[in-house]
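Have a look at the structure below before the remarks.
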Amino acid sequence: MPSCEILINNINIDLSKLEYKNFALTTSCPAQSHRDPSLWQHLFNESEGTLLHIGETRFKDQDDWFFCYDLLLDIGLLRFKFKPAVWSELKKLIDYLIKTSKNNKIIFTTDYQFGGKKFIYKPIKLKKFIKLHDTKGLKFNSWVEII
C-alpha cells in the first residue's frame, strides 16, 4: 500500500491545533517510515526532523497500519492526485508546516511498491507543487522539497 509522508524540521508541532477531517495524521520522531523497506529511510535517518504520516481516516486512532490508498486518485503513468476534499485540507496543512518549520521547507515523500523508480524533484515553491498536482499529478515514489 502507498504511503505519503512529510518530513519537517520542527519537533514542537502541535497536531491538535490543526483542523482536518478527510485524512488522519500520526508522527514519528526520530523519523521512521511506515513502509518497510522504505525508499527514503536512509535519508530520513540523516535528518533531525519529525515525520508526519498521512493516512486514511479509519486509521485515526492507531499506529500499526497506516497508509493512504483511499485518499488517492490513480491517474495512470505512475502518477496520482489526492481526492479533492483531501487535497483542499492537505494544501493548508503543507502551507502551515512550511511556515512553522525551522528552515521554511518540508519534504513530501511517497513510497509505493508498484510506483516505479524513485524520483527526486528539484526544490520547488508551494504554488508550483500545487500546480504540478493539479495539472500532471504527482509521481509515486517521489521526494519533493517544498519551499
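Here are the numbers:
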| read-out | value |
| --- | --- |
| Exposure rank, largest accessible area first [Asp111, Asp14; 1.4 Å] | Asp14, Asp111 |
| FRET efficiency estimate (nearest 0.05) - Cβ-Cβ, Leu43 to Lys136, R0 25 angstrom | 0.55 |
| Rg/Rh ratio calculated on Cα atoms of region 100-147 (Kirkwood radius) | 0.99 |
| For the chain, built as a Gaussian network whose Cα springs stay under 10 Å, the top-fluctuating residue of Phe44, Phe80, Phe114 | Phe114 |
| Förster radius 22 Å - calculated FRET efficiency between Thr57 and Ser88 (Cβ-Cβ, nearest 0.05) | 0.90 |
| Of all accessible heavy-atom area on the chain, the percent that carbon and sulfur account for (1.4 Å) | 52 percent |
| Solvent-accessible surface ranking, highest first, for Asp134, Asp36 at 1.4 angstrom | Asp36, Asp134 |
| Rg(Cα)/(2.2 N^0.38 Å) for region 1-139, N = residue count | 0.97 |
| Shape parameters for region 23-103, alpha-carbon atoms, Rg then Dmax in Å | 13.6, 36 |
| When each of Lys91/Lys118; Lys60/Lys118; Lys81/Lys131; Lys83/Lys128; Lys17/Lys60; Lys60/Lys117 is checked by Cα-Cα distance, pairs over 21 Å | Lys91/Lys118; Lys60/Lys118; Lys60/Lys117 |
| Under 20 Å from the Cα of Lys122 - aspartates and glutamates, other chains or at least 8 residues apart | Glu5, Glu46, Asp95, Asp111, Asp134, Glu145 |
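The values are calculated or read from the model by the stated rules, or taken from the named source; none is laboratory data. Here the structure is a predicted model, which is why all the values come from computation and not from measurement. Cβ atoms come from the backbone with ideal geometry, glycine included; neighbour counts cover every protein chain shown. The accessibility values were calculated without ligands, DNA or RNA, using every heavy atom of the protein model including side chains. Shrake-Rupley method; radii C 1.70, N 1.55, O 1.52, S 1.80 Å.
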